[in-house]
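Written out below as structure tokens is the structure these notes cover.
Values in this text are rule-based calculations from the coordinates and carry no lab data. Everything numeric here is computed off the predicted structure, so don't read it as measured data. Cβ: placed from backbone, ideal geometry, glycine included. Neighbour counts: every protein chain shown.
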Amino acid sequence: MAIRLGDEAPDFTAETTEGTINFYDYLGDGWGILFSHPKDFTPVCTTELGAFSARRADFDKRNTKLIAVSVDDVDSHLRWKSDISETQGAELNFPIIGDADRKVADLYDMIHPNANDTLTVRSVFIVDPNKKVKLTLTYPASTGRNVDEIVRVLDSLQLSAKFPVSTPVNWKDGEDVIIAPAVSDDDAKEKFPKGFRKVKDYLRYTPQPNK
Ligand code: BEZ
């Protein structure tokens, strides 16, 4: 069954390029991103794994662990790993799950039940410290993901986990945010001491509260 926002992220134990990993233990009490790759030694995936590795510091800063999955075994991943460093200018610095038996792909519903091959879609799951799924993304195999967008959503999720705010269209870290409609103007004055700008009763902007 498809995993929806707010569901508990299914736990699993799997062999990876960094040894046996239990997903929940790996995440600890931080955030996590599980993302799937259709197959090893495929061009778009190679660029994605290099790009995520190059941005590892941005994920560390956000207390977020990365873990990838591809429906091939760990030996194959380890051979692919050297191609990634050779071609992408970044050493793979997070684990890839060996999933030749599709255990994790099936658990997270990454393969269409009517598919006639084992190619997963490009799925992304962001998991919060309570192990709840906060974001799901599904891309076709032909389109590589955008690391900036994933970092941007992570910033938004982490902000709205701490403050009663949401983030407007095209928002980026550091820009004004929207006060949740459930917060009264009086409460907003207290909660957002930098003040707020009221465009409509339901549309109030305030400077990003954690900056
Ligand atoms: C790729 O990563 O380039 C890819 C993987 C599976 C199908 C198509 C493209």
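Taking the C-alpha atoms only, the angle from helix 147-162 to the longest principal axis of the chain is near 50 degrees. Equivalent-ellipsoid semi-axes for the chain (Cα gyration tensor, √(5λ), whole Å, largest first): 36, 18, 15.
Would you calculate the volume per residue, in Å³, of the smallest convex hull containing every Cα atom of the stretch 163-206? Please report the intermediate quantities before stating the final value.
Working: hull volume 3.1 nm³, N = 44.
Cα-based convex hull of the stretch 163-206, divided per residue, equals 70 Å³.
Using every pair of distinct Cα positions in the stretch 34-159, the Kirkwood expression returns a hydrodynamic radius of 14.8 angstrom.
Taking amide H positions as placed 1.01 Å from N in the peptide plane, with prolines and chain starts having none, which residues 5 or more places from Arg122, or on another chain, fall under 5 Å of its amide H? It is Tyr139, Ala141, by chain and number.
Using a Gaussian network model of the chain in which every pair of alpha carbons under 10 angstrom is joined by a spring, one finds that among Thr136, Thr87, Thr13 the greatest mean-square fluctuation is at Thr87. Result for the chain in a Gaussian network model with C-alpha springs under 10 Å: among Thr138, Thr120, Thr64, the largest mean-square fluctuation is at Thr138.
For the chain, a Gaussian network of Cα nodes joined below 10 Å ranks Ile179, Ile97, Ile84 by mean-square fluctuation, and the top entry is Ile179.
Taking the centroid of alpha carbons for each part, the stretch 156-208 and the stretch 86-105 are 38 Å apart. Of the residues Lys81, Lys198, the one with the fewest other Cβ atoms within 10 Å heads the list, and the complete ranking is Lys198, Lys81.
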